[in-house]
Amino acid sequence: MVQATVAINHKSRVGTVVSDKGDQTIIVAIERAAPHRLYHKVIRRTKRYPVHDPNNSATLGDTVRIEECRPISKTKRWRLVEVIVERAVAEVAPTSIDASLVNEVQRSGARAADEAAVAPSGEQAAE
């Protein structure tokens, strides 16, 4: 018996990961531009797709390619094909953030105390 090979064309989309909180699930937002029927202004429309990510490889902000597949759950009908662009993560040490935050709070507190000492109180200004 000869087995025929059939090429299946799946729908494919490129979008941005807007949520990666679920285990093996990401939410991908896909934006499209469509003209308004009456006024012909181009309007941006966004649709969110639950996508199966078996390796948890995509993170928030990544640009990904997704492909239509068999139903995986009640809402998941798309699977992750590839991560096209990974989001850039800032390399900042937590200790430097904490030290700068403490200095800023101390400066703002001292500035507020100086302004309160210089400004006249409400009772003296009324007399």
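With Cα atoms as the point set, the radius of gyration and Dmax of segment 12-85 evaluate to 13.6, 45 Å. A crude spin-label estimate for the pair GLN3 and LYS47, with each label 7 Å from Cα along the Cβ direction, gives 3.4 nm. Reducing segment 37-74 and segment 14-29 to their Cα centroids gives an inter-centroid distance of 8 Å.
Within the same chain, lysines fewer than 8 places from LYS21 are excluded, and of the rest, those with a Cα less than 20 Å from its Cα are LYS47, LYS74, LYS76. The local environment of ARG79, defined by Cβ-Cβ distances under 13 Å, has a net charge of +2 under the rule Lys, Arg +1 and Asp, Glu -1.
Placing unit charges on the Cβ atoms only, positive for Lys and Arg and negative for Asp and Glu, gives segment 12-85 a dipole magnitude near 560 debye about its Cα centre. Which residue, LEU80, ALA29, TYR39, has the largest displacement toward the positive end of the dipole of segment 12-85 when charges sit on each Cβ (Lys, Arg +1; Asp, Glu -1)? It is TYR39, whose Cα lies furthest towards the positive end.
As a proxy for reagent exposure, LEU101, LEU80, LEU60 were ordered by neighbouring Cβ count within 10 angstrom, fewest first; the result is LEU101, LEU60, LEU80. Net charge of the neighbourhood of ARG32, taken over other residues with C-beta under 9 Å away and scored Lys/Arg +1, Asp/Glu -1, is +2.
Exposure proxy shown here: for ILE8, ILE43, the number of other Cβ atoms within 10 Å sets the order, fewest to most, as ILE8, ILE43. For the pair GLU82 and ALA112 in one chain, pulling the backbone fully straight at 0.36 nm per residue adds 5.6 nm over the alpha carbon distance.
FYI, it's all coordinate maths here, none of it is from the lab. Only a predicted model underlies this, so the values are computations on that prediction, with no experimental measurement involved. Cβ atoms come from the backbone with ideal geometry, glycine included; neighbour counts cover every protein chain shown.
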